[in-house]
Amino acid sequence: MENKKLLEVEHLKQYFPVQGGGYLNKKFVKAVDDVSFYVNKGETLGLVGESGCGKTTTGRTLLRLHEPTGGKIIYDGTDITHVNMLPYRRKMQIVFQDPYASLDPV
Ligand SMILES: Nc1ncnc2c1ncn2[C@@H]1O[C@H](COP(=O)(O)OP(=O)(O)OP(=O)(O)O)[C@@H](O)[C@H]1O
Ligand SMILES: [Mg+2]
């Protein structure tokens, strides 16, 4: 298998504004703070960590379901951090784990 990078995530940050703080010192939850990794073609990557450490937010942000606060997302050599994601929606997606939530029970 050709060892080419399919997905590269560089210094990804996702901060969410939260209640509290004033106009000049808004408060944020740093859900993802400087996360970098890559996935080669044909590889699977597991992301493991305690509840609330930012696994889901990392996935949602690299799919641009959240606009990243910072960092870079590169898909198959193309920087997709700020592009229109429409052409990529068929290539990158969430597959939900709970079969009862993702499959028609009938
Ligand atoms: N839309 C949001 N607005 C504000 N804070 C958020 C939002 N989404 C996630 N967070 C916060 O970001 C942090 C990371 O949450 P995330 O859901 O990514 O964790 P996780 O690793 O997927 O946890 P779990 O293992 O429980 O699924 C948590 O503190 C969470 O409360
Ligand atoms: Mg999660």
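Just a few scattered comments:
- Neighbours of residue 87 by Cβ distance under 15 Å: Lys/Arg scored +1, Asp/Glu scored -1, total +2.
- Using a cut-off of 22 Å between Cα atoms, the listed pairs 5/72; 41/91; 4/72; 5/30 include 5/30 as exceeding that distance.
- Taking other Cβ atoms within 10 Å as a rough exposure proxy, 15, 38, 75 sort from fewest to most as 38, 15, 75.
- The value of relative contact order for the chain, using C-alpha pairs under 8 Å at least six residues apart, is 31 percent.
- For the chain, trypsin sites (Lys or Arg not before Pro) are listed when DSSP marks them as loop and at most 15 other Cβ atoms sit within 10 Å of their Cβ; the list is 4, 26, 41, 89, 90, 91.
- Rounded Å value of the spacing that divides the Cα centres of region 1-32 and region 83-106: 22
- Residues 102, 51 arranged by fewest to most Cβ contacts within 10 Å: 51, 102
Just so you know, all these numbers are worked out from the coordinates, no wet-lab data involved. Since the structure is predicted, the reported quantities are computational estimates derived from the model, not experimental observations. Virtual Cβ from ideal backbone geometry, glycine too; neighbours counted across all protein chains shown.
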